[in-house]
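Comments concern the structure below.
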Amino acid sequence: MRKLPPLNSLRSFDAIARNGSISKAALELKVSSSAVSQQVSILEDWMGVKFLKRSSNKTSLTREGVEFANEINSVFDTLEKNIFHTQKKVNHNEIKLSIIPSLATRWLINRLPTYSALYPDYSVMVEASFDLVDFTKKELTIAIRSGAGSYSGCQSEKLFDEYVTPVCSPEYWKKNKTSLVEIGACSLLADHTFGKDETNLNWTSWIAREGIIPSTKIQPIQFYTDSNLTIQACINGEGFMLGRSILINEELRKGGLIEPFKEKQVSDWPYYIVYHSINDPLRGALRSFIEWLKREAAKTPGIVR
């Protein structure tokens, strides 16, 4: 039999040490302050050591309390991590995917039935989100993101690169035929999410990398937080946008958008498959899903080959 103090006493002491007060610890544990204080008293009696300095208006840790708090915190961190790892390993037949909304709409959704037909025993749940995924806090298996490809605690594999080039509707082009030098005089649409920083998803950066000195200041007049909205506004004839080839390929094929200029740049932000390092090596549904994603990516029109 292990000679350990009651777990509730350890949890109460850990909560006080982390929160700095009995009242805050009580809120975290959803019990009364007196219950928390009593649990620590039980721990002190069991250990034969005083961990708290109690006064009428303040509670603080003794020197022994500080030392023991560091040890307990480390133990609970390890326990929490191991519990998380065990939970994540339980179900190998379910995929929970987080993917940016525009890629979900314009690339994944029409292809997903193919995966389900190939692997009928595996299920897929899709969450459309821009947020970076914390796999330790969210019940997710895999994410697809556009960016630099480096994510702490995760494995990442490039899914595909794409081109970036100005596009507009045929109707808008008929009324606003222009050159890249003079494009700033036209209505420019921009992705607020992707058009930040100094990437070539930003109008100013894209023009500069072409070595073009614009005749008019490059200043978008409309910003959207979702590329789906930017694309639809462009189809509606509201102006030029920097089209990402993966997202606009279908609209180019149908004629809703055109590429008036020959200049193209490889996007600074490729798409990456991201998953928690605990799932390496890959197995079960996750392995099959990533292999399927790569096969679909390889035959996608608009990727950089």
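Observations on the model:
- Flag for K196 being at pLDDT 95 or above, open to solvent by 40 Å² or more (accessible area, probe 1.4 Å) and either closer than 26 Å to G147 by Cβ or not hydroxyl-bearing (S, T, Y) (or both): no
- Filtering the range 1-21 to residues that are assigned to a helix (DSSP H, G or I) and of a type in the set (A, V, I, L, M) leaves L7, L10, A15, I16, A17.
Quick grid of which residues meet (1) among the aliphatic types (A, V, I, L, M); (2) touching a Pro at 6+ places or on another chain (Cβ under 6 Å); (3) over 17 Å from N70 (Cα atoms):
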residue: K3; (1), (2), (3): no, no, yes
residue: P6; (1), (2), (3): no, no, yes
residue: N19; (1), (2), (3): no, no, no
residue: L27; (1), (2), (3): yes, no, yes
residue: S37; (1), (2), (3): no, no, yes
residue: S56; (1), (2), (3): no, no, yes
residue: T59; (1), (2), (3): no, no, yes
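- Residues of the range 229-277 satisfying the condition of being crowded, with 17+ Cβ neighbours inside 10 Å and in a helix (DSSP H, G or I): L229, T230, I231, A233, C234, I235, S245, I246, L247, I248, N249, E251
- Qualifying strands (runs of 3 or more DSSP E) (wholly inside the range 94-202; at least 3 residues being under 18 Å from the mean Cα position of the chain (by Cα)): 94-99, 123-128, 142-146, 154-160
- Test: N110 is touching a helix residue (DSSP H, G or I) at 6+ places or on another chain (Cβ under 9 Å), open to solvent by 50 Å² or more (accessible area, probe 1.4 Å) and not acidic (D, E): yes
- Yes/no for S215 being within 23 Å of the chain's Cα centre (by Cα) and either closer than 21 Å to I248 by Cα or open to solvent by 20 Å² or more (accessible area, probe 1.4 Å) (or both): no
- The residues on offer are S33, S9, and the sole one that is in contact with a helix residue (DSSP H, G or I) (Cβ under 6 Å, 6 or more places away or on another chain) and under 18 Å from D77 (Cα atoms) is S9.
- For the range 25-59, the tally of residues that are assigned to a helix (DSSP H, G or I), among the charged types (D, E, K, R) and modelled with pLDDT of 90 or more stands at 2.
- When V133 is tested against (1) surrounded by fewer than 18 Cβ atoms within 10 Å (Cβ to Cβ); (2) touching a Ser or Thr at 6+ places or on another chain (Cβ under 6 Å), exactly one condition is not met: (1).
- Pairs, first closer than 20 Å to L108 by Cα in the range 268-287, second among the acidic types (D, E), C-beta under 6 Å, six or more apart: P270/D161; I273/E157
- Long-range neighbours under 6 Å by Cβ, at least six apart or interchain, first residue more than 13 Å from S37 (Cα to Cα) within the range 1-22, second surrounded by fewer than 19 Cβ atoms within 10 Å (Cβ to Cβ) and modelled with pLDDT of 90 or more: P5/W46
The values are calculated or read from the model by the stated rules, or taken from the named source; none is laboratory data. On a predicted model such as this, the values are computed, not experimentally measured, just so you know. In this analysis, Cβ positions are derived from the backbone assuming ideal geometry, glycine residues included, and neighbour counts consider all displayed protein chains. Ligands, DNA and RNA are stripped out before the accessible areas are found, and what is left, the full protein with its side chains, is counted by its heavy atoms. Shrake-Rupley method; radii C 1.70, N 1.55, O 1.52, S 1.80 Å.
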